[in-house]
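Engineer: Okay, here's the structure, questions in a sec.
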Amino acid sequence: MKDQFQIDISEEILQNIYTKVKNYSWHEMPDDGGWDYGTNLDYMKEFADYWVNKFDWRKTEEKINKFKNFKSNIDGIDIHFIHEKGSGSNPKPLLLSHGWPGSIVEFLHIIDQLAHPEKFGGKEEDAFDVIVPSLPGYGFSGRPQRPIGPRIMASIFNSLMTKILGYKKYIAQGGDFGGAIATWLAYDFPESLLGIHINILIIRHPDGPQTPEEKEWQERFKVEQRIEDGYRTQQATKPQTLSYAMMDSPVGVAAWIIEKMRRWSDIKNGDIESVYSKDILLSNIMVYLVTKTFNTASWIYYGRREEGGRFLPKEHLPLKVPTAAALFPKEYLEWAPRSYVERIYNIQRWTKMSKGGHFAALEQPDLLVKDIREFTKTLK
């Protein structure tokens, strides 16, 4: 069963957020600041000024409500999702899963391209039925009673696709935790998958690296990630402690998310707005704030740790489901050599992109859409 849903945040909630931003008590940063210590203070002041004086949340609502939104209760959790039926007589079902610190906002501007390609110079026969859920605990979905990880979320999404929407087989795409969800779908529900398309290697093989090249990659990865591990460790171990600061500070949430989006993206000359407008950044941030889900969204890291972390069980590897890998050059989680990846996945397409980073759908939507479409043409 699915119920129609429309987003309409009360003016009281919006004004409460704007008042907290306006009244934020600014503090210091080191004189040689820049971005080396975290989100830059001068940028945050500029960002906050734009937030309270120029940003219009209602435009974001319009962009979301333009599509058909629904909620369905699955395993005791109300799951919100967009369901845009594709053009033509036989569109393929495509599940798009976001991650952290993302939201459905990442996909809003590619839904029409995927569902109605004929409006963008493409062919109607290449259309998809596009399904974009908010992860459990994120945005407009309800929360689990306690932290769950991507494996359990994959089970929920498979129920959404097969039991609620009635698809016998579908394609799953994702980056960040969406890539982990797609992988677990292929592991636990291969009979439901036509294929998966991932733009991140977030999963690991239990046997580890085997070749010298793979071992070099692992050592390099460990070194590069040491400086990025702080947020991840906090959210995977003591998310509740973090929540007391974040749930009462819109500026704190914004700074926490902006730092990641700047660090993980393919920006020019250190300028985050060379890729993202303030409106895009704020639309994504506000999804966390208007729904009061920063805390429950961070639970996925705790849930993943309880599920066993990044490792798949050795049984059933490599996966049988056809897989496309889209390698964007500025992905902060460096891809392993193909030899390693092929011990996990049934790689049918391996595309090295010319530009782009972690948030592929926002950074390079045309490249992502093209790669999904070309991969899908090979599936039966």
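The values are calculated or read from the model by the stated rules, or taken from the named source; none is laboratory data. On a predicted model such as this, the values are computed, not experimentally measured, just so you know. Here the Cβ positions follow ideal geometry from the backbone for every residue, glycine too, while neighbour counts run over all protein chains shown.
Engineer: Which one of these does K330 not meet: (1) over 25 Å from E216 (Cβ atoms); (2) surrounded by fewer than 23 Cβ atoms within 10 Å (Cβ to Cβ); (3) modelled with pLDDT of 95 or more; (4) under 21 Å from the mean Cα position of the chain (by Cα)?
Structural biologist: (1)
Engineer: Further, regarding this structure: Output the residue which, of all residues in segment 202-234 that are of a type outside the set (S, T, N, Q) and touching a Ser or Thr at 6+ places or on another chain (Cβ under 8 Å), is nearest to Y340 (Cα to Cα).
Structural biologist: Selected residue: E214.
Engineer: Within segment 189-205, how many residues turn out to be surrounded by 14 or more Cβ atoms within 10 Å (Cβ to Cβ) and either of a type in the set (S, T, N, Q) or free of Cβ contacts under 8 Å to residues at least 40 places away in the same chain (or both)?
Structural biologist: The qualifying residues number 3.
Engineer: May I pose another question? Of all residues in segment 152-180, which are touching a helix residue (DSSP H, G or I) at 6+ places or on another chain (Cβ under 8 Å) and part of a helix (DSSP H, G or I)?
Structural biologist: If the condition is that a residue be touching a helix residue (DSSP H, G or I) at 6+ places or on another chain (Cβ under 8 Å) and part of a helix (DSSP H, G or I), then I152, M153, A154, S155, F157, N158, M161, T162, F177, A180 are the ones that fit.
Engineer: Okay, moving on. Residues that are touching a Pro at 6+ places or on another chain (Cβ under 9 Å) and of a type in the set (S, T, N, Q): which helices (runs of 4 or more DSSP H) entirely in segment 205-319 hold 3 or more of them?
Structural biologist: 294-307
Engineer: Among the residues of segment 200-217, which ones are more than 20 Å from F328 (Cβ to Cβ) and under 24 Å from the mean Cα position of the chain (by Cα)?
Structural biologist: Passing the criteria: only H205.
So that you can scan it fast, the table gives a plain yes or no per residue for (1) more than 28 Å from W335 (Cα to Cα); (2) over 17 Å from the mean Cα position of the chain (by Cα); (3) of a type in the set (A, V, I, L, M):
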position: T233; (1), (2), (3): no, yes, no
position: Q240; (1), (2), (3): yes, yes, no
position: S243; (1), (2), (3): yes, yes, no
position: M246; (1), (2), (3): yes, yes, yes
position: E259; (1), (2), (3): no, no, no
position: R262; (1), (2), (3): no, no, no
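Engineer: Looking only at segment 60-73, which residues are of a type in the set (S, T, N, Q) and outside any strand (DSSP E or B)?
Structural biologist: Those that are of a type in the set (S, T, N, Q) and outside any strand (DSSP E or B): T60, N65.
Engineer: A further question on this structure: State which residue is modelled with the lowest pLDDT when the search covers only segment 304-322 and only residues that are more than 26 Å from Q235 (Cβ to Cβ) and in contact with a helix residue (DSSP H, G or I) (Cβ under 7 Å, 6 or more places away or on another chain).
Structural biologist: Out of the qualifying residues, it is H316.
Engineer: Read through the list (1) touching a residue at least 40 places away in the same chain (Cβ under 8 Å); (2) farther than 26 Å from V251 by Cβ; (3) of a type in the set (D, E, K, R), then give the number of the only condition that E342 fails.
Structural biologist: The single condition E342 does not satisfy is (1).
Engineer: If you don't mind, there's one more thing I want to ask. For segment 1-33, which positions are free of Cβ contacts under 8 Å to residues at least 40 places away in the same chain and either in contact with a Cys (Cβ under 7 Å, 6 or more places away or on another chain) or among the charged types (D, E, K, R) (or both)?
Structural biologist: Passing the criteria: E11, E12, K22, E28, D31, D32.
Engineer: Cβ contacts < 7 Å: first residue more than 20 Å from E259 (Cα to Cα), restricted to segment 206-232; second residue among the small types (G, A, S) and modelled with pLDDT of 95 or more, any location; separation 6+ or different chain. Result?
Structural biologist: Close Cβ pairs satisfying both conditions: T211/S339; E214/A336; E214/S339; W217/A336.
Engineer: Restricting segment 240-266 to residues that are touching a helix residue (DSSP H, G or I) at 6+ places or on another chain (Cβ under 7 Å) and without any contact (Cβ under 8 Å) to a residue 12 or more places away in the chain, which is surrounded by the fewest Cβ atoms within 10 Å (Cβ to Cβ)?
Structural biologist: A245
Engineer: Going through I131, I104 one at a time, which residue ends up being in contact with a Leu (Cβ under 6 Å, 6 or more places away or on another chain) and crowded, with 24+ Cβ neighbours inside 10 Å?
Structural biologist: Values: I104 fails: in contact with a Leu (Cβ under 6 Å, 6 or more places away or on another chain).
After applying the criteria, what remains is I131.
Engineer: A further question follows. Give the residues of segment 181-201 that are in a helix (DSSP H, G or I) and under 23 Å from R373 (Cβ atoms), sorted by residue number. Spell out the reasoning first.
Structural biologist: Of the residues in segment 181-201, the ones in a helix (DSSP H, G or I) are 181-188, 190-192.
Correct list: I181, A182, T183, L185, A186, P190, S192.
Engineer: Given the conditions (1) closer than 16 Å to L135 by Cβ; (2) in contact with a strand residue (DSSP E or B) (Cβ under 8 Å, 6 or more places away or on another chain), report the number of the one that W264 does not fulfil.
Structural biologist: That leaves (1) as the condition not met.
Engineer: OK, next. From the set of residues in segment 1-33 that are part of a loop (DSSP other than H, G, I, E, B) and under 27 Å from the mean Cα position of the chain (by Cα), which is surrounded by the most Cβ atoms within 10 Å (Cβ to Cβ)?
Structural biologist: The residue in question is I7.
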